[in-house]
Structures are given as C-alpha cells and as structure tokens.
1. Against the definition (closer than 18 Å to Tyr120 by Cβ, part of a helix (DSSP H, G or I) and out of contact with any Asp or Glu (no Cβ under 8 Å at 6 or more places or on another chain)), how does Ile168 come out, yes or no?
2. For region 130-144, name all the residues that are open to solvent by 10 Å² or more (accessible area, probe 1.4 Å) and not in a loop (DSSP other than H, G, I, E, B).
3. Here's a check for you: in region 563-607, which residue that is of a type in the set (Gly, Ala, Ser) and over 24 Å from the mean Cα position of the chain (by Cα) is surrounded by the most Cβ atoms within 10 Å (Cβ to Cβ)?
4. Restricting attention to region 328-369, and to residues there that are out of contact with any Asp or Glu (no Cβ under 6 Å at 6 or more places or on another chain) and either acidic (Asp, Glu) or assigned to a helix (DSSP H, G or I) (or both), which single residue is most open to solvent (accessible area, probe 1.4 Å)?
5. With a cut-off of at least 2 residues that are within 25 Å of the chain's Cα centre (by Cα) and within 28 Å of Asp90 (Cβ to Cβ), name the strands (runs of 3 or more DSSP E) lying wholly within region 371-484.
6. Open to solvent by 60 Å² or more (accessible area, probe 1.4 Å), closer than 23 Å to Phe470 by Cβ and in contact (Cβ under 8 Å) with a residue 60 or more places away in the chain: does that describe Asn372?
7. Is there any pair linking a residue in region 171-185 that is under 27 Å from Pro134 (Cα atoms) and of a type in the set (Val, Ile, Thr) to one that is modelled with pLDDT of 95 or more and part of a helix (DSSP H, G or I), with Cβ under 6 Å and at least six apart or on different chains, and which?
8. Is at least one residue of region 335-350 among the hydrophobic types (A, V, I, L, M, F, W, C) and modelled with pLDDT of 95 or more?
Amino acid sequence: MLKGKSVLLLIIIIQISLVQIFAQNEPIRVACIGNSITYGGQGANSYPQRTNTLIGDEYYVQNFGISGTTMLKNGDFPYWKESAFHDAQDFDPDIVIILLGTNDSKPQNWAFGDEFYDDYMEFISVFRSNGKDPVIYACYPLPVFQTLAGINEPVVHDEIIPIIDSVITSANTLSIDFYALMKDHSDLVPDGVHPNTEGYNMMAEFTRDELLSMPSGQVILFRSVSMAAELDEEIVLKWKTSENSNVTFDGQSVNESDSVTVIVSEETTYELIAEGEYTDTARITIDFLPPGKIKSFNADQTLLEIGAGDTATIFWDASNGSSVNLDGQSVDTDGTLRVTPEVTTTYTLIATGDITDTSYVTIKLLEADKLNRAFNRTITASSTARGYFIESVVDGDPETFWVSENSISAWINIDLGKDLNINRAEIDWGDIYATTYHLQLMAEDGSITSIYSNTAGDGGIDDITGLEGFGRYLRILGIAKNSTDSGYVVNEIEVYATSGITGVESGNTIIPDEFSLDQNYPNPFNPSTSIEYSIPSSFGENEQVKLSVLDILGREVAVLVDENQSPGNYNVNFNADLINGGLSSGIYFYNLDAGNYSTVRKMILMK
C-alpha cells in the first residue's frame, strides 16, 4: 500500500474527470531515430514527416535521423556521438522508434558485430533512465536489394535481424517490421537501400497504423503538470494507454485516457497500471513544499563598487502559506527589492509555517581594482557545444568552462551592466585556445572599437593590463586556435574597470546632462535583459520616476521602478520569468516617466 493517501484523495479518485487531456498543445511525442532511411533528406516526404501529417494532432512525430550512422559504438559513424542522440533524449519522447542496423552491416562495422546486442540494449536503457519509460519500437531494417557502399543483405537478414529479435524479447519492446513491409517492393527502392517518395509514404502509413493499433497493456504517457506541490495546490495527472487495456490508478479502475486532479500534503507516489497483451506500470512522485519553505533567494549582482551608487535587485520566493520576513520586515511570499548598499551587507530572509527556513544573500562592496566586473553578468556566445554553458565563463569557478562549436572563429559578449573605463582583462584559456584574438567594445548601435589584439596567443592565463576603452559591452573575438579537434575552450574571464558617466560634472559626481532611455541589452532576450536610463541635472532632487513594462496591447505587466530618484545614471535588470509566472514570447515595450519627460522603447522576448 502506498503511503500518503487520504480519504480526500480517494474521493477525488472516485470523481475522476471524464475530460480528455490531449489538446494540440500537449501531443504524444514520437521520436524517430535512425540513419539516412529515417533522415530522408528531412523533406516532407521522409517517413517521420509523412507519419506526422497522417496521424493527426494527437501526436507529434519528430525526425532525429542522421545519415550514415550505426548502432555499434565502434562503427565508423556511431549514432551515439551525434547531437541528435542527445536532442532525442531532450525531446522527452513518449514513444521511441529505433531504425538502425543497415550501416552496421558494412564489413568495417560488422567486424564488431558481437557488440551489437549489448550496444542496442544499452541504447534502449538510455531512454529508460532517469525515471522515464517511453514505449520503444526496435524496428527491423529494410531489405537491401543491392549492395551499396558495403551495405549488404546477408548480414542484415541473417545476422542483424535475429539479434534485434533477441533485443525485443530481452528489453520487452515493440517492433515495426519494415523488412516484411518492403521485401516485395524493390521497385520503390531505386538504389537498393533508400526508398523513393512512394516507398516513404508506404513506411509512413505502416508506422501510423502500428502506432494507432498498439497492443493493449501499454502506458503511452503518464504526466504531471508539476513534480512539486505547495499548500492547497491542485496538481493534474494525465495519462493515455493503448486501446483495450484494463487500467488502474492507485488500485482504482479508470479510463484508458483521462486525468485526475490531486492535492497532496506530503511526498506522494502515484501508480498507473495497464494490463492486456502486455502489462506496463508507470509511477509519478510528487514532492511537497510545506509552508515555511524558501524556494529561492538570490541577487542579480553580489559584487558592487564602493562609492559608485550601484544597485542590485534581490529576488525571493517562498512556498504558499509562508509568513516571510526580509531583514525583520514582513514581505510577500515572492517579490523583489532594489538595494543600494553603502557597505558590504548581508540580507536575511526567514520563512515560517509548518517549518522555518532561513536563507542569506551577501552583497559585497569592493574597491574598483578588486572588483571583477564580469562576475555573473549577462553573457552570450556565437555558439556553445552541448553541455558546456557560456555562463561558466563568468561564474567565478575556474573548474567550470565553456566550449564553442568547432569553428575557425568564435565570440563571447559580456554585458558589464553600465559604461565603464576598462583597464584590465584576464582570460583563463582551456586546452583549445585562441592563437589570434581581439578585445572589442561594442556600442548600442553595433559599432565596434578594438582595444587589444593578440596574434601570438599561447594559452594559459592572459593577464592584459593597460587597456583603454570606455563602454558597456566587451567582446572577445577568436580568429584562430591552436587545434581543430574541438571548439574554443575558456575557463574564466575577469574584467576590471572604473566607473564613469559622460555628462556634466557636479561637484565630485558626474551627472548626465539630458534624459535618456537606452535600448535594452540583449535584445531579443530570454529571460533577462538590462535597461539603462539617465536622469539629468535639470531634474529636481528626489522626484518621482517610473519605469514600467507594457504588452503589445499597452497593458502594464510589470513596474520596475516607481520611486523618487536623484539625477544620475541607472541600470535595471528585467527578468520576464519572474512576472506573473513568466511572460510568453512576443513584443513588449518599456516606458520611462520622469516629471514631464516620457519615452518608450520596444523589446522582444524570444523563448
């Protein structure tokens, strides 16, 4: 008997909704994995694309085929090493169709044929890992009507297909028999290996029919809208099983395709069982966040310059039902606060409820020559190899690193938050480093000024001093590297500068001489962007300033600033994911009102 159930839950189960759950925005995801027969030129006539058209809106069929690939890890072109292998996993498929083996029949590949079974079994286990259990079809390859590039019929028919038979039995998968489908249709396979348009249509129709007539006893999907619940939060669990299945949800008989809404008060596991020709079991565990749990507490910047009047924004979010105090002041369960500390300051957030949780954020103030201006700043790159995030370059940890895709040139852009007098930069290179590179400052209008060039880079740590440049956006542009084995590798970048604002000097403070509202950067953005504006010396001390965000219909969706401000230069970070549960992609406007001055600019959110 599973723990965490209650009378209320049993009542909810008995009253399971009959509402069907599979709208167009939540289809059954089908990943088609294979070689060139699956790839099919990625045109509308490849069998995955044709299947997607034929099967209807309840399914979304995606093509992950890569020409020439093998199931064998020791093959000459293993699918394992392709980004499509990882992309297919990220697709989080409900159904996986595997059509590999044709290229494994080549002599140089089948020399490792005794590894085919183990590699296939491991391939399947990858898609069944991390709590996932999609329906898997291990498919028989098409017949080989004439030898092509070493691909030969005897190996496919007499050796590979029998091994796939064993895989199907051992891994308890389903199968689509493309061999039997095409064996009498050599006329539809003009080069002996690859179908023509009519052949692909036949494969697509057969695939559609196999999916729609899946044997009973298969859980096609079992999903939760969230894996964690808070106090009184309703969580919807959704499922679909194959037709003619006998289905139970936590022991209660339910429909083959349906949903249920639950409310949990502790960690709870739900079990769905489908029985028929097969027996399939799926489980979902919902975590519970009790009142008093701090879900997040952080700041957009934790390092500021002493005496520069820089601001940071603190963000927090606590679970439903919490009483929250920030430095002793009662605040909402989630919110933001702009702060301008004059000394190093630690902020304390305390959430109380069923439990008590405490979290701290420290914002350090440093002298300009000690302050790494790149630390945790917004950063973008020309490309990123899978798994090597560009944010690693400015996280303060030299053990993490970024890798670009393998190209001759690459760039990194760092938004330093405001215009600065840049005087020093430090680049910690990895094994693949730039032998020729430039440091450039980029203006809002896209113009570029070079402030340093190195044509004899030798890797290691480049500590570049004596720089002269004034700007906000620093670009590192690699032109040549020491190896073609991979992309550029950078462990860390640090930038040092002093503050400065162009304008009219007033006493010891530089004050802007006119209003300005700069274009946000980056733009387009996802999900964060920075907005900079200036209040001139002609503006009265401590007068009202409002900076707001509007949607395309002119409705106010966020207020970033609404307070009295003195003349000066300001920078505000806007995170679209923190507004009303997250804003959707589209065009937005940000509006600055200060006294009689009002102006608006457009920005684009792209997710």
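1. Values: closer than 18 Å to Tyr120 by Cβ: yes; part of a helix (DSSP H, G or I): yes; out of contact with any Asp or Glu (no Cβ under 8 Å at 6 or more places or on another chain): yes.
Yes; evaluated as a whole, the condition is true for this residue.
2. Correct list: Tyr140 only.
3. Pass one, region 563-607, residues of a type in the set (Gly, Ala, Ser): 566, 568, 576, 581-582, 584-586, 594-595, 598.
After this cut, where a residue has to be over 24 Å from the mean Cα position of the chain (by Cα) as well, the list is 566, 568, 594-595, 598.
Working: Ser566: 16, Gly568: 19, Ala594: 23, Gly595: 13, Ser598: 12.
It comes out as Ala594.
4. Residue satisfying both the conditions and the ranking: Glu342.
5. Numbers: elements: 379-381, 410-429, 434-442, 448-454, 461-481.
Filter on region 371-484 gives 379-381, 410-429.
6. On the way: open to solvent by 60 Å² or more (accessible area, probe 1.4 Å): no; closer than 23 Å to Phe470 by Cβ: yes; in contact (Cβ under 8 Å) with a residue 60 or more places away in the chain: yes.
So Asn372 does not fit the description; no.
7. Between residues of region 171-185 that are under 27 Å from Pro134 (Cα atoms) and of a type in the set (Val, Ile, Thr) and residues that are modelled with pLDDT of 95 or more and part of a helix (DSSP H, G or I), the close pairs are Ile176/Glu210.
8. Initially, region 335-350 is screened for residues among the hydrophobic types (A, V, I, L, M, F, W, C), giving 337, 339, 343, 349-350.
In the following step, the residues that additionally are modelled with pLDDT of 95 or more were identified as 349-350.
Yes.
The values are calculated or read from the model by the stated rules, or taken from the named source; none is laboratory data. Since the model is a prediction, treat every value here as computed from it, not as a measurement. Neighbour counts run over all protein chains shown; Cβ positions are idealised from the backbone, glycine included. For the accessible areas, the whole protein counts, side chains as well, though only heavy atoms, and no ligand, DNA or RNA atoms are used. Shrake-Rupley method; radii C 1.70, N 1.55, O 1.52, S 1.80 Å.
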